[in-house]
Amino acid sequence: MNIGFLLLSDHSEAVNGKLYLTGGGWNVLRLPELPHDWAFHIGLGIDVAWHETNSPHELVVTIQDPDGIELGDGLTANFETGRPPGMPQGQEQRLVMSIAATATFSAPGPHAAVVQVNGEELGRARFYLMEGGPDDEVGLA
């Protein structure tokens, strides 16, 4: 199993195997003061190998602070991807999803959205959190 893509965005939706997003691909976030609650979306494509289809898998997505400590509860979900009729032997299946995330950020510095399947880390979307002054714009730097 591999990550096909992993993107942070202001908003995203997964519809019919496609990801629609607004304000996607950022890697710097400026917040006016810390601690601060912030909501965003994680766009995710998981490529499931032929031999891994038709079997249950566990997905875990967490947000980590600069020390690797998980912020909030994260997301745990089970999934199973089947093989549609006529799919060529050996063809992998892409599972596309949008995950709404909310975290309370307390420290500036490098953070990450981390994706694991069956206990193995498949990827992480790194982003840098900055604390700005009262006149600074909130959001992406």
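The values are calculated or read from the model by the stated rules, or taken from the named source; none is laboratory data. If you're wondering where the values come from, they're calculated on a predicted model, not measured in any experiment. A quick note on method: Cβ atoms are made from the backbone with ideal geometry, for glycine too, and the neighbour counts reach across all protein chains shown. Quick note on the areas: whole protein, heavy atoms, side chains included, nothing else; ligands and nucleic acids left out. Shrake-Rupley method; radii C 1.70, N 1.55, O 1.52, S 1.80 Å.
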| query | Just how much of residue 3 is accessible, in Å², when a 1.4 Å probe is used and the result is rounded to the nearest 10? | reply | 50
| note | Expressed in nanometres to one decimal, the distance between label points 7 Å along Cα→Cβ at residue 34 and residue 60 is 2.5
| remark: Percent relative contact order for the chain, counting Cα pairs under 8 Å at least six residues apart, stands at 34
| From the residues 57, 107, 119, which one has its Cα farthest along the dipole of the chain in the positive direction, the dipole being from +1 and -1 charges on Cβ of Lys/Arg and Asp/Glu about the Cα centre? | 57
| query | Ignoring ligands, DNA and RNA, what accessible area per residue does the chain give at 1.4 Å, in Å²? | reply | 55
| For segment 104-109, in order, what is each residue's ³J(HN,Hα) by Karplus, 6.51 cos²θ - 1.76 cosθ + 1.60 with θ = phi - 60°, in whole Hz (x at glycine and Pro)? | 9, 8, 10, 9, x, x
| message | Taking 0.36 nm per residue of sequence separation and subtracting the Cα-Cα distance, how much length would be gained by fully extending the chain between residue 5 and residue 83, in nm to one decimal? | response | 26.0 nm
| message | Using 0.36 nm times the number of residues separating residue 13 and residue 67, minus their current alpha carbon distance, what extension gain do you get? | response | 16.4 nm
| request: State the percentage of accessible surface on segment 1-71 attributable to carbon and sulfur atoms; use a 1.4 Å probe and exclude ligands, DNA and RNA. | output: 48
